[in-house]
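The values are calculated or read from the model by the stated rules, or taken from the named source; none is laboratory data. Being a predicted model, the structure only gives us computed values, none of them experimental. With ideal geometry, Cβ positions are generated from the backbone for all residues, glycine too; neighbour counts draw on all protein chains shown.
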Amino acid sequence: MPVWMTRRDDQVTLALHVQPRSSRDEVSGTHGDRLKVRITAPPVDGAANDHLCRYLARLFGVSPGRVRLIKGATGRNKLVTVGGVGELPEEIARILPSPGDPVSDQ
């Protein structure tokens with residue numbers, strides 16, 4: 001498991017580096033020891049945090065109420081939990097290292 005993700009039963013915790021005001025919403029790789037997520041919302045009055053939670057809910061196929069921002073409400077580095085997760089979305093699974101591969105920064 002990479003350092004930016006922990007999984008316990010159906011709950012996934014993600015350490016994120018969020019880039020607001022992007023041209024599209026996407027998981028774009030890693031940024032140091034965090035998963036990099038780009039979102040279109042501006043970082044104004046919590047709009048980026050709300051947008052991030054809705055995007056992650058769509059990505060994981062869960063209701064928005066299953067996504068919680070734990071840390072980082074005012075910064076780019078955030079800690080988020082997603083509950084009710086079955087399989088990981090392809091956008092995240094493709095970034096995971098294969099078994100036996102060294103963990104590297106992409």
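Here is a check on your reading of the model: is R21 closer than 12 Å to L96 by Cβ and more than 11 Å from the chain's Cα centre (by Cα)? Judged against the criteria, R21 is not a match.
Condition first: part of a loop (DSSP other than H, G, I, E, B), at pLDDT 95 or above and surrounded by fewer than 15 Cβ atoms within 10 Å (Cβ to Cβ). Now tell me which residues in the range 76-88 satisfy that. Result: no residue meets the conditions. I want to confirm something. Restricting to the range 1-55 and keeping residues that are more than 19 Å from T81 (Cβ to Cβ) and of a type in the set (A, V, I, L, M, F, W, C), which single residue is surrounded by the most Cβ atoms within 10 Å (Cβ to Cβ)? By that ranking, first place goes to A41.
Just the residues that are more than 20 Å from D33 (Cβ to Cβ), aliphatic (A, V, I, L, M) and not in a helix (DSSP H, G or I), please, taken from the range 54-72.
Of everything in the range 54-72, those that are more than 20 Å from D33 (Cβ to Cβ), aliphatic (A, V, I, L, M) and not in a helix (DSSP H, G or I) turn out to be V62, V67.
Taking the conditions (1) at pLDDT 95 or above; (2) over 15 Å from the mean Cα position of the chain (by Cα); (3) of a type outside the set (V, I, T) in turn, D101 satisfies each one other than (1).
Does the range 52-93 hold any residues that are over 12 Å from the mean Cα position of the chain (by Cα), farther than 20 Å from R8 by Cα and not polar (S, T, N, Q), and which are they? G72, A73, G75 - these are the residues of the range 52-93 that are over 12 Å from the mean Cα position of the chain (by Cα), farther than 20 Å from R8 by Cα and not polar (S, T, N, Q). Scanning the range 16-48 for residues that are under 20 Å from V67 (Cα atoms), touching a His at 6+ places or on another chain (Cβ under 6 Å) and outside any loop (DSSP other than H, G, I, E, B) returns H17, R34, K36. I'd like to know if the range 70-82 contains one or more residues that are touching a Pro at 6+ places or on another chain (Cβ under 8 Å) and more than 20 Å from V3 (Cβ to Cβ). No.
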